[in-house]
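Report on the structure given below.
The values are calculated or read from the model by the stated rules, or taken from the named source; none is laboratory data. Since the structure is predicted, the reported quantities are computational estimates derived from the model, not experimental observations. For neighbour counting, all protein chains shown are included, and Cβ atoms are generated from backbone atoms with ideal geometry for every residue, glycine included. All accessible areas refer to the heavy atoms of the entire protein, side chains included, with ligands and DNA or RNA removed. Shrake-Rupley method; radii C 1.70, N 1.55, O 1.52, S 1.80 Å.
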Amino acid sequence: MFQAKPLTFQLESSRVAFAASYLQGIAFDHYTALLRFDPNSPVLSNWQAFAQEFSSKFGVFDTVAEAEENLYNLWMRNDERFTTFIVRFEKEAYETGWNYNALWFALRHALPQRIKDVLRLAPKQPTYDSYKALVTQIDQRYWEDR
């Protein structure tokens with residue numbers, strides 16, 4: 001985000017303020033306590049200090065493990081369109097660092113039976129991207145026929 005708007009986020013304090021506007025719950029409480037009781041804290045004006053403070057206190061300890069767990073528990077609902085699902089899937093998938101073969105396996109596992117049934121009749125796809133394209137076509141046809 002900061003690179004997309006370099007003039008807006010030229011100052012580190014602007015970056016901190018922007019990120020802080022998304023804080024909720026206990027993280028927001030911590031931020032407001034800093035504003036009130038330690039207004040000169042570098043956490044409030046230095047992006048690196050802010051990121052370190054909030055990551056260490058409220059961040060996920062092992063983001064890869066969390067993404068793997070989320071991916072394992074992620075299923076495409078029968079009433080969901082693949083184009084919506086793949087965004088959720090790849091958000092977690094790319095965080096894992098898995099190769100395309102592993103992602104392909106996880107994606108197949110997460111699809112509803114209505115798509116798996118059609119995939120059994122289709123030729124095996126040579127790449128992860130071609131597999132996604134085929135699943136997209138199958139899902140689009142399903143919704144057209146409804």
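Details
- Matching entry among Arg141, Arg108, Arg120 (being within 21 Å of the chain's Cα centre (by Cα) and of a type outside the set (A, V, I, L, M)): Arg108
- The single residue among Leu35, Leu23, Leu7 that is open to solvent by 80 Å² or more (accessible area, probe 1.4 Å) and in contact with a helix residue (DSSP H, G or I) (Cβ under 9 Å, 6 or more places away or on another chain) turns out to be Leu35.
- Of Ala33, Ala102, all but one fail to be under 18 Å from Ser130 (Cα atoms), free of Cβ contacts under 8 Å to residues at least 24 places away in the same chain and small (Gly, Ala, Ser); the exception is Ala102.
- Residues in the range 82-99 that are open to solvent by less than 60 Å² (accessible area, probe 1.4 Å), acidic (Asp, Glu) and under 29 Å from Ile26 (Cβ atoms): Glu92 alone.
- Extreme residue, nearest to Phe58 (Cα to Cα), among residues of the range 18-46 that are in a helix (DSSP H, G or I) and hydroxyl-bearing (Ser, Thr, Tyr): Tyr31
- Residue under evaluation Ala110, criteria (1) farther than 17 Å from Thr84 by Cα; (2) at pLDDT 95 or above, criterion not met: (1)
- Residue satisfying all of: in the range 44-81; open to solvent by 40 Å² or more (accessible area, probe 1.4 Å) and among the aliphatic types (A, V, I, L, M); farthest from Trp98 (Cα to Cα) among these: Val60
- Qualifying positions in the range 51-85 - part of a helix (DSSP H, G or I) and among the acidic types (Asp, Glu): Glu53, Glu66, Glu68, Glu69
- Pairs with Cβ under 6 Å, 6+ apart, first in the range 107-128 and more than 20 Å from Ala93 (Cα to Cα), second of a type in the set (S, T, N, Q) and surrounded by 10 or more Cβ atoms within 10 Å (Cβ to Cβ): none
- Hits in the range 119-138 (condition: at pLDDT 95 or above and of a type in the set (Val, Ile, Thr)): Val135, Thr136, Ile138
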